[in-house]
Amino acid sequence: MKDVLVVFFTRTGNSERLADEISIKLHGDIDEIKSEFKYLGISGFIRAGYRSVTKKIDQIEFQKDPSKYKIVVLVSPIWASNIPPAIRSYINKNKESLKNYGLIINGAMKENKKAYENFKELLGNPVSEYVADNSNIDYEICQKDLEDFADKIRYKLENEEENE
Ligand SMILES: Cc1cc2nc3c(=O)[nH]c(=O)nc-3n(C[C@H](O)[C@H](O)[C@H](O)COP(=O)(O)O)c2cc1C
């Protein structure tokens, strides 16, 4: 079994940047979830919000098998305080492989407790979590938060190894 898979979905690139950073820190593999929809323009934005709030699932494609990894880190944007339909679809398909998961969600607002609760409701408590404010992504503060996030994942991996 391999250690870490970082899986992301993105519309405008922020989640991909966070996923790149954390996969480097954790020496993990990386995979992108692609949706059947691009969610572009105003109509895309409205559709994105509507489909998230109404808990729809998208048809998706991804490449790597999460069951081959000890920990899967999910990196997702927050849509209308909720879970993007492509991520919801990934979770539905791979729930068994997400028992040990890390969660990085990011949004444009400073306060996103409700969004975090919505993810937790579906997946239970993560091994490590980071709710990022996307205005911080380029800055020192985000590096520190990502390092703290990574430390908790490393700790969990060490414990798993001791128990093997
Ligand atoms: C339909 C829609 C709804 C959104 N709702 C929220 C929200 O409830 N809270 C928030 O902080 N950001 C919200 N955002 C902003 C995105 O979460 C934010 O820009 C994020 O960094 C985008 O990630 P990405 O570049 O990986 O797509 C929303 C964006 C879209 C498209």
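Coordinate-derived values only; no laboratory data. None of these values were measured; they are calculated from a predicted model. Using ideal geometry, Cβ is built from the backbone for each residue, glycine included, and neighbour counts are taken over all protein chains shown.
A few notes on this one:
- Cβ pairs under 7 Å, 6+ apart, first in region 129-150 and within 14 Å of ALA108 (Cα to Cα) and within 15 Å of the ligand (Cβ to nearest atom), second part of a loop (DSSP other than H, G, I, E, B) and not hydrophobic (A, V, I, L, M, F, W, C): VAL131/ASN112; ASP133/LYS110
- Evaluation of SER67 against the conditions (1) surrounded by fewer than 16 Cβ atoms within 10 Å (Cβ to Cβ); (2) part of a helix (DSSP H, G or I); (3) within 12 Å of the ligand (Cβ to nearest atom) shows that the sole unmet condition is (3).
- So SER76, is it touching a strand residue (DSSP E or B) at 6+ places or on another chain (Cβ under 9 Å), within 11 Å of the ligand (Cβ to nearest atom) and under 23 Å from ASN134 (Cα atoms): yes
- Residues of region 1-57 classified as of a type in the set (Val, Ile, Thr), within 13 Å of the ligand (Cβ to nearest atom) and in contact with an Asp or Glu (Cβ under 8 Å, 6 or more places away or on another chain), total: 3
- Considering region 113-128, the residues that are of a type in the set (A, V, I, L, M) and in contact with a helix residue (DSSP H, G or I) (Cβ under 8 Å, 6 or more places away or on another chain) include one that is farthest from the ligand (Cβ to nearest atom), namely VAL127.
- Boolean, SER97 is in a helix (DSSP H, G or I), more than 8 Å from the ligand (Cβ to nearest atom) and in contact with a Phe, Trp or Tyr (Cβ under 8 Å, 6 or more places away or on another chain): yes
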